[in-house]
Structure formats: C-alpha cells, structure tokens
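The values are calculated or read from the model by the stated rules, or taken from the named source; none is laboratory data. Quantities reported herein were computed from a predicted structural model and do not represent experimental measurements. Ideal geometry is used to build each Cβ from the backbone, glycine not excepted, and the neighbour counts take in all protein chains shown. Note: areas computed on protein heavy atoms with side chains; ligands, DNA, RNA excluded. Shrake-Rupley method; radii C 1.70, N 1.55, O 1.52, S 1.80 Å.
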Amino acid sequence: MSLSSEKTILVVNSGDGTGLNFTRSLGLAGGYRVVGVDTTIEDFHTSEAESKHFLAWSEADEFVEAVNKIADMEGADLVYAADTGPQLMVISERRDDLNRPTLLPDQVDHWRMEDKWATWEAMQEAGLPVPDTALATDRESVAAFIDKHVDIWLRRRRGSGGSGALATASLELAQAWLDEHHGWHEFTVAQKLTTRTATFSGLWYEGDLLCSQLRERLSWKYPSATASGVTGVTGVQHTLWDEQLHDLAVRCVRATCARPHGIIGVDFTYDHDGNPLPTEVQPARFYSSIFFLAQLGVNLPDLYCRLALGELDVPAEPSINPIRDRHYWVKAVDRLPQLMSPEEFQCNGNNVPGGPAPAGFSRRTRSE
C-alpha cells in the first residue's frame, strides 16, 4: 500500500547495509523518494538514494545544522538514522532541534537501551532470564567470571556489529584486551553461550505493539574477520514463530523502555540447555536484513514511515508474527541477497532438477 502522495525520507547512513535495506524496502512499497546523507565516502558512493549528500562533521551543532539545511533543500518529510552510532545519538538527543519529525523512543529510554549494561540491569531487575553478566571493573571481577564459567564473553557496553567483542578462557588475554581497548567500566563480561541466535523486530506506537516478526540466524558472514566470530552481518537466517520467544521479547522491551515507540529489536542467544536469553535490546533503527521481511509482504519500513507521517491508522490489534511459514534469506559478497523456500535452500548440485551442474558452474534457483 503506497502513500497518498510521494513522501521524501531523509536517511542518514543510507549507504550502510542497514540504510540500503531500508531504502530498498521503501522502493518496494512505492510512493517514496529517499535522500541519503552519509559520513563516509564508501557509503556515499554505494547509497541507492535518489539524491545523495556527503557530510563531514565533528560537532553535534554542525551535524544538526547540516541535516536541517539538507532537509529544507530536499523538502524532506521525515528524518531517519539507519545505523547505531554517533549520528543516531545526535539525532536522538537533538530531535527537538531538527526541523523535520522523527519516530524515536523517548531519550531516556533510548539511552538505556543503547547501554547493554543498563539494559541487562533493567531486565535482571524485572526477573527476566538473562545471561550471568557483570561490569568489567577490575581484574578480580573478570577472574571471578572465568573461575565460575571458564569461557567468558567480553563486549562493549555501546555499539553494534560485535565491535570489540572477544570470547576467551584466559584471564591474561582478557585483561590485555580490556587494557588495549580502554575497556574497564566500558565492557561487560558474561558467560559464553552457544552460537544459536534469534531476533525480534517490533514496531511500536506510544507503548503499544503494532507489528512484529521473529527470525533465527544460522550464521554470520565473515566470522574469521573478527576475534569473536560475530560481525553483525548475518549470512543465513530464516523466519521463525515461537510464541514463548515472542512473549519474552515483548517483556524485554517493556522492562527496558517505559514507552516503546518506533522500531525496537531484541537479540537472543541460546544457552547450552536450549533456553533463549536476551542479550541486547536494539532501539530506534531497523536491522540490516529488514528487506527480507519486506520481500515477504511485511514491509516494516513502509509502516514506520506511514506511522511517523500520520498516514497509518493504529490497528485495534497488533499483527504478531504474520510470517509463520519458514523462508530463508541468504547473503553473499557482491550480489543482492536471495530469498529462498526451504526446498530451494536445501538444494545442492546433486538434487537440483536436471542433475549436477557442470564443473565450475552452479545452477540458478528461481529467485535469481
């Protein structure tokens, strides 16, 4: 469903993976014109926005002034920051100084969710099942965790994409890592869980859930490129329905956010007994794979923009996990992701109709 007339959306970080998939989702919906604002030259050049702007900045005042100028020049209707980072934080903190609307959680809620230690404290206080976690304040606190769990997980309190994360059973390595990354009081230390993960994406309006969807991640892309194996770039994922996981995700959002508003996600990692434990509540922006759901008919970026611009009536009942069947989303280098059915995903050269592909070639699936 398109908007009544074309709307212009100013997307900060439009050339990042998160911005690209937001832009593609709006393109699929129709009725939008995207203006990109990017702060790195590679994102500027790879942006798929209809109009693109490169912005170098150092101070918040400078950033806000430039965004307002571009919004006026381009006739923007809405400002959206696509990725976690300094740009999103400035937009959140200075939203009242912007000359265009945003759709964000209240600032105090946003800040709490951006801080993984504050998030963990809020969920633990609410009685939710969370991984054993502490703030890495000194060598003794880290040593106690290694004595208790053997394998531990270090990560920054703020940021995304597994930045600075490390899994180790060595106290010496953990201390050196924290020293090198200036991580004391800025990293958490937690029990190391399994590699199985799942994600909840939910669109909220003034405390009410409007639409949500669960996905399970099967792999990360480029795991060998980081010390932790976590890159923030999903390799393979599929849609998922689990009523208990959905309920837990909603409880996590409500524990960390007094008035959920806009898009809020929850990441889960399963423990060795198969229980999902929340590890992060992600506020204010969509995950990079949101185009996956749009391809399947649940276009959350479209709903987000229409909601922010007053063109969407709030439904009486939320749309909870509308995609119940399993579908796969597979990413590769230098090509668009592929949407696959379970049968297509399980195919290999020996069971694709027509027999094995010739050496050096692979057969195309319907989605190609």
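For segment 320-344, how many residues are assigned to a loop (DSSP other than H, G, I, E, B) and over 16 Å from LEU240 (Cα atoms)? The number of residues fulfilling the criteria is 7.
Looking only at segment 268-296, residues that are in contact with a strand residue (DSSP E or B) (Cβ under 6 Å, 6 or more places away or on another chain), in a helix (DSSP H, G or I) and surrounded by 22 or more Cβ atoms within 10 Å (Cβ to Cβ) come to 2 in all. Can you tell me which residue in segment 70-79 is surrounded by the most Cβ atoms within 10 Å (Cβ to Cβ), limited to those that are assigned to a helix (DSSP H, G or I) and not hydrophobic (A, V, I, L, M, F, W, C)? Once the filter is applied, the top-ranked residue is GLU74. Does VAL250 qualify as being assigned to a strand (DSSP E or B), aliphatic (A, V, I, L, M) and modelled with pLDDT of 95 or more? It is false that VAL250 is assigned to a strand (DSSP E or B), aliphatic (A, V, I, L, M) and modelled with pLDDT of 95 or more.
Screening segment 132-146 for residues that are touching a Leu at 6+ places or on another chain (Cβ under 8 Å) and in contact (Cβ under 8 Å) with a residue 40 or more places away in the chain and picking the one that is most open to solvent (accessible area, probe 1.4 Å) gives SER141. Among the residues of segment 297-312, the one identified as within 17 Å of GLY265 (Cβ to Cβ), of a type outside the set (A, V, I, L, M) and either open to solvent by 20 Å² or more (accessible area, probe 1.4 Å) or not in a helix (DSSP H, G or I) (or both) is ASN299. Residues of segment 313-350 that are within 19 Å of LEU218 (Cα to Cα), open to solvent by 60 Å² or more (accessible area, probe 1.4 Å) and over 24 Å from the mean Cα position of the chain (by Cα): GLU343, GLN346, ASN348. What are the residues in segment 163-202 that are open to solvent by less than 50 Å² (accessible area, probe 1.4 Å), within 20 Å of ASP115 (Cα to Cα) and more than 24 Å from the chain's Cα centre (by Cα), if any? Passing the criteria: only LEU178. With respect to the conditions (1) among the polar types (S, T, N, Q); (2) open to solvent by 70 Å² or more (accessible area, probe 1.4 Å); (3) assigned to a helix (DSSP H, G or I), SER92 lacks only one, and its number is (2). Being of a type in the set (A, V, I, L, M, F, W, C), open to solvent by less than 60 Å² (accessible area, probe 1.4 Å), touching a helix residue (DSSP H, G or I) at 6+ places or on another chain (Cβ under 7 Å) and under 15 Å from ALA284 (Cα atoms) is the requirement here; does ALA82 meet it? When the stated conditions are applied, ALA82 passes them.
The rows are residues; the columns are (1) among the acidic types (Asp, Glu); (2) part of a strand (DSSP E or B); (3) surrounded by fewer than 18 Cβ atoms within 10 Å (Cβ to Cβ).
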{"site": "GLY15", "(1), (2), (3)": "no, no, no"}
{"site": "GLY19", "(1), (2), (3)": "no, no, no"}
{"site": "SER25", "(1), (2), (3)": "no, no, no"}
{"site": "VAL35", "(1), (2), (3)": "no, yes, no"}
{"site": "ASP43", "(1), (2), (3)": "yes, no, no"}
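On inspection, LEU104 passes the criterion of being within 28 Å of ILE9 (Cβ to Cβ), open to solvent by less than 20 Å² (accessible area, probe 1.4 Å), assigned to a loop (DSSP other than H, G, I, E, B) and out of contact with any Cys (no Cβ under 6 Å at 6 or more places or on another chain). Residues being open to solvent by 10 Å² or more (accessible area, probe 1.4 Å) and assigned to a loop (DSSP other than H, G, I, E, B) are entirely absent from segment 61-69.
Yes or no: segment 113-131 includes at least one residue that is in contact (Cβ under 8 Å) with a residue 60 or more places away in the chain, more than 30 Å from PHE268 (Cα to Cα) and over 18 Å from the mean Cα position of the chain (by Cα). Scanning segment 113-131 turns up no residue that is in contact (Cβ under 8 Å) with a residue 60 or more places away in the chain, more than 30 Å from PHE268 (Cα to Cα) and over 18 Å from the mean Cα position of the chain (by Cα). Among residues of segment 261-277 that are of a type in the set (Asp, Glu), those with a beta-carbon under 7 Å from a residue that is assigned to a loop (DSSP other than H, G, I, E, B) and open to solvent by 10 Å² or more (accessible area, probe 1.4 Å) at least six positions away or on a different chain give the pairs ASP271/LEU193; ASP271/THR194.
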